[in-house]
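The values are calculated or read from the model by the stated rules, or taken from the named source; none is laboratory data. Nothing here was measured: the structure is a model prediction, and the numbers come from that model. Note that we place each Cβ from the backbone using ideal geometry, even for glycine, and neighbour counts take in every protein chain shown. Only protein heavy atoms, including side chains, enter the accessible area calculation; ligands, DNA and RNA are left aside. Shrake-Rupley method; radii C 1.70, N 1.55, O 1.52, S 1.80 Å.
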Amino acid sequence: MCWSATADLVAGAGVGAVGVACVARVRRRTELPLAALPLLLGAHQLVEAAVWASDGGRGPATVVWAVIALPLLAVWVPAGTVCAASPRARRRLLVPLAVGVVTAAVLGYALATGPVTAEIRGHTVGYAVDLSHPALLVAGYLPATVGALLLSGDRWLVGLGSLVAVGAAGCWALWRLEFVSTWCAVAAVCSIVLYGWARERSAVPGTRAGREALRG
């Protein structure tokens, strides 16, 4: 996520604050799961600060971090997108949601039955989970999360999906080099995009954005 415990704490607090603003902006209960995503991302970074503080290992913070990163986000993102989408878009979004549920079930089983470890590697944290078919799980995780956003039909969410895809690729490359963890910066930018989405959805009825929100 971030390159140090301090960076995780600062980024987590900032992203969480954006999450509070997003939740305060939305008017419909169906928009709350997606609006609350920055709150989850902020909490995720605060959990990793605890992983840094414990010098990695197999402690509770490591397990909580993995639960949020793997099965929870695999369901949260597509489910939140389905809830917030227009009726026309929901049908096609059921596919990434189904993929996310299956992927989350497999990941959850792996976390429940196998060890989860974290190792501090300079300015990065390496997490290890015992997965029998990691390539297949990645093939399910990405369509469930990024795919749901790209298929949403909402310009803010499509932009968010594109940002996540590009950001994840860049962060993965830097992490593989064990240079520095930068996902917290991407999470911060994504949270700001979600705030823009929430602000538009809360537009006064009668504007184009307001009519789209009411139809959704």
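Here are some notes:
- Net +/- balance of residues flanking Gly59 in space, Cβ distance below 13 Å, scoring K and R +1, D and E -1: -2
- Positive contributions from Lys and Arg (+1) and negative ones from Asp and Glu (-1), summed over other residues with Cβ under 13 Å from the Cβ of Ala49, come out at -3.
- Which of Ser4, Ser152, Ser132 is most accessible, then next, and so on - probe 1.4 Å: Ser132, Ser4, Ser152
- Förster radius 25 Å - calculated FRET efficiency between Val10 and Ser54 (Cβ-Cβ, nearest 0.05): 0.85
- Summed side-chain charge close to Val193 - residues other than Val193 whose Cβ falls under 15 Å, Lys, Arg +1, Asp, Glu -1: +1
- 1.4 Å probe accessible area per residue over the chain, in Å²: 49 Å²
- Segment 21-37 and segment 55-76 have Cα centres separated by 24 Å.
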